[in-house]
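Asker: What follows is a single structure, and I will ask about it in a moment.
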Amino acid sequence: MRFHGVGEAGQKKLLDSRVTLCGCGALGTVLANVLVRAGFGFVRIIDRDFIETHNLQRQVLFDEDDVAAGIPKAEAAARKLRRVNSEITIESIVTDIDHTNILDFVKDVDIVLDGTDNFEVRYLVNDASIKLNKPWVYGGAIGSVGQTMTIIPGQTPCLRCVVETSPPPGMAATCETAGVLSPTINVIASLQATEAIKIMTGHIEAINRELVYVDVWDNEFRRFKISKLKDKVDCPCCKQRNFEWLEGKMGAHTTSLCGRNAVQIAHRTSSQLNFATLAEVLMPAAQGTVNYNKFMLRFTADGHDFTVFPDGRAIIKGTNDIDRAKTLYAKFIGH
Ligand SMILES: [Zn+2]
């Protein structure tokens, strides 16, 4: 409150603010930490993944106990942060963001923050935010390089004005090829969180209107002038209002997971899986490897590790081949 840009009035505005955080991995944990401690009144944390030991190098809210307990990231983050600030509401949602659910996650909040590692979700967030007129803040980091931009519908270029389509597979560096230096994450997420504080305290005039590029290893700090793109580009999203990602014309339900040698398969089911029954069915094929808690069921078969979630979604480790993963899913889980 003592900071001139916030003050008592600004702090009250933050308490009235509702934010959706898409992704609670590296960027997401830093973002969630700042938002909760800053006193945003409602913080929704969405993540589809669970915690592994190699995440701990950069995902600052998690520890070895969380890995051992097999708790999903969204839930682990919410539990930890409720102990930090009990006066706000923290909602955790363990799901895969796609075109069927993104509008529900965006429509009842004031701002959306990008903590994901993939462009599919970013384009979905971009479509939903432009359609519903909500600001959102893009962030991405790989190796020692990070980027961020702030999107205010109608005022700034949107993500598709700047990057119309996502890079094809194999054309961009991934967590697997480049790794990620944790300070890169902290720099980018801190810039994103500051933008959220500016917007929600009513300081739109202070926001970053360019694409910020940082290389923490090579000491490069650049701002790409993109603000004029808004008038120059005939953007399919913010100009033509053609929401291709939201309409499910772009994107897939099956994704190869960055840096994991794993494929995720999302099968929408209206009912929840019964893990006790599934465990019994799997027993002959998976032998002694099946175990489950209320969040996930894990087993090993055909040399692959499977993690199955209550909504039927599965992560299959040991392959990047989507068709192979579909075959394995059909073989052991069935659909
Ligand atoms: Zn646009």
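Asker: Among residues belonging to region 147-164 that are touching a strand residue (DSSP E or B) at 6+ places or on another chain (Cβ under 8 Å) and open to solvent by 20 Å² or more (accessible area, probe 1.4 Å), point out the one that is nearest to the ligand (Cβ to nearest atom).
Answerer: My answer is Val162.
Asker: Hey, another quick one. Take region 196-214 and flag every residue that is open to solvent by less than 50 Å² (accessible area, probe 1.4 Å), within 16 Å of the ligand (Cβ to nearest atom) and touching a Ser or Thr at 6+ places or on another chain (Cβ under 7 Å).
Answerer: Glu210
Asker: Is one or more of the residues making up region 282-289 without any contact (Cβ under 8 Å) to a residue 40 or more places away in the chain, open to solvent by less than 60 Å² (accessible area, probe 1.4 Å), farther than 30 Å from Val30 by Cβ and more than 24 Å from the chain's Cα centre (by Cα)?
Answerer: Yes: one or more hits.
Asker: Tell me which residues, restricted to region 109-127, are open to solvent by 10 Å² or more (accessible area, probe 1.4 Å) and acidic (Asp, Glu).
Answerer: Within region 109-127, Asp110, Asp117, Glu120 meet the criteria.
Asker: Condition first: more than 11 Å from the ligand (Cβ to nearest atom), open to solvent by less than 90 Å² (accessible area, probe 1.4 Å) and under 18 Å from Leu159 (Cα atoms). Now tell me which residues in region 215-235 satisfy that.
Answerer: Within region 215-235, Phe224, Ser227 qualify.
Rundown of residues vs (1) without any contact (Cβ under 8 Å) to a residue 60 or more places away in the chain; (2) open to solvent by 50 Å² or more (accessible area, probe 1.4 Å); (3) within 30 Å of Ser227 (Cα to Cα), yes/no style:
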{"site": "Arg58", "(1), (2), (3)": "no, no, no"}
{"site": "Phe62", "(1), (2), (3)": "yes, no, no"}
{"site": "Asn85", "(1), (2), (3)": "yes, no, no"}
{"site": "Ser129", "(1), (2), (3)": "yes, no, yes"}
{"site": "Trp136", "(1), (2), (3)": "yes, no, yes"}
{"site": "Ala141", "(1), (2), (3)": "no, no, yes"}
{"site": "Val145", "(1), (2), (3)": "no, no, yes"}
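Asker: Which one of these does Ala252 not meet: (1) aliphatic (A, V, I, L, M); (2) open to solvent by 20 Å² or more (accessible area, probe 1.4 Å); (3) modelled with pLDDT of 90 or more; (4) closer than 29 Å to Thr100 by Cα?
Answerer: (3)
Asker: If I go through region 255-278 residue by residue, how many of them are at pLDDT below 70 and among the polar types (S, T, N, Q)?
Answerer: Here the count works out to 3.
Asker: So in region 299-330, with the set limited to residues that are outside any loop (DSSP other than H, G, I, E, B) and among the polar types (S, T, N, Q), which one is surrounded by the most Cβ atoms within 10 Å (Cβ to Cβ)?
Answerer: Thr307
Asker: Just checking, does region 13-31 include any residue being in contact with a strand residue (DSSP E or B) (Cβ under 8 Å, 6 or more places away or on another chain), open to solvent by less than 10 Å² (accessible area, probe 1.4 Å) and farther than 23 Å from Thr184 by Cβ?
Answerer: Yes, that holds for at least one residue.
Asker: In region 1-30, which residue that is outside any loop (DSSP other than H, G, I, E, B) and charged (D, E, K, R) is farthest from Ile45 (Cα to Cα)?
Answerer: Top of the filtered list is Glu8.
Asker: Further, regarding this structure: Which ones in region 42-56 are touching a residue at least 12 places away in the same chain (Cβ under 8 Å) and either assigned to a helix (DSSP H, G or I) or surrounded by fewer than 18 Cβ atoms within 10 Å (Cβ to Cβ) (or both)?
Answerer: Within region 42-56, Glu52, Thr53, Asn55 meet the criteria.
Asker: If you take the residues of region 64-83 that are touching a helix residue (DSSP H, G or I) at 6+ places or on another chain (Cβ under 6 Å) and without any contact (Cβ under 8 Å) to a residue 24 or more places away in the chain, which of them is least open to solvent (accessible area, probe 1.4 Å)?
Answerer: Taking the candidates together, the pick is Asp66.
The values are calculated or read from the model by the stated rules, or taken from the named source; none is laboratory data. Because the structure is predicted, anything quoted here is derived from the model rather than measured. Note: ideal-geometry Cβ built from the backbone for every residue, glycine included; neighbour counts use all protein chains shown. Just the protein is used for accessible areas: all its heavy atoms, side chains included, with ligands, DNA and RNA removed. Shrake-Rupley method; radii C 1.70, N 1.55, O 1.52, S 1.80 Å.
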